[in-house]
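The values are calculated or read from the model by the stated rules, or taken from the named source; none is laboratory data. Model, not experiment: these values are computed from the prediction. With ideal geometry, Cβ positions are generated from the backbone for all residues, glycine too; neighbour counts draw on all protein chains shown. Note: areas computed on protein heavy atoms with side chains; ligands, DNA, RNA excluded. Shrake-Rupley method; radii C 1.70, N 1.55, O 1.52, S 1.80 Å.
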Amino acid sequence: MGKTDTLQEIIIKAKAGNQIAFSTLLDTFWNDVYAFQFVRTKNENDAEDITIRTFSRAFDKIDTYDDTYEFKTWLIAISKNLHVDLIRKRKRNILAETETHSEEMKKILDESPSVEDQLIIEQNLANLLRHIKKLKPHYQEVINLRYFNELSYADIATALDEPVNNVKVKLLRARKLLAEIIKKSNNSLD
């Protein structure tokens, strides 16, 4: 994306399937959607989960976005609906999150992973694992499946029983958070 791209131009690129445009929209609006949901749910995990689903749904339905509305307003509307759905579903069944991947974390790596992010490649493995452990479990999970198990988006979606778009959003978010952790730790070494 050029620095001068307007929001409309970024949305047009996203409608054409441009991954960088999706990433830019995610970075631009993540905090707005998350803050909105955090006020509603008063729970970090729920707010994050709904935010992930919001962007997943938005990327899925971006063709239907009508620019007579603010993009942020459209995202918040999606997010509201998802929260209502979640409450309904909760009433039907209590969701439990399990952390099953700490063992898999230890069985790492026959060969260097095929990685999009140079920053992630440059970490030595012990440091990288330490950084990854600072992420929330669901972000650790997608990073492990993508980089260490080298699974495709489709395979990760199957493994986690989640839509492919959820996986893409989680990976975009996890990579950004991981890169920030790595940068911070590099700066503290300087």
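Here r is the Cβ-Cβ distance between GLU9 and THR158 and R0 is 45 Å; the resulting FRET efficiency, rounded to 0.05, is 0.85. I need the calculated FRET efficiency for the pair ALA77 and LYS136, taking r as the beta carbon distance and R₀ as 22 Å, to the nearest 0.05. Rounded to the nearest 0.05, the efficiency is 0.25.
Net length available on complete extension from ASN43 to LEU125 is 26.3 nm, with 0.36 nm assigned per residue and the Cα-Cα distance removed. With the simple spin-label model, which puts each label point 7 Å out from Cα in the Cβ direction, the ARG88 to LYS61 separation comes to 1.3 nm. Cross-linked pairs LYS89/LYS134; LYS42/LYS134; LYS15/LYS133; LYS42/LYS170: Cα-Cα separations exceed 32 Å for LYS15/LYS133.
Solvent-accessible area assigned to carbon and sulfur over segment 38-77 amounts to 44 percent, based on a 1.4 Å probe.
Per-residue Karplus couplings for segment 154-161, computed as 6.51 cos²θ - 1.76 cosθ + 1.60 with θ equal to phi - 60°, are listed in order as 5, 5, 5, 4, 5, 4, 8, 6 Hz, Gly and Pro entered as x.
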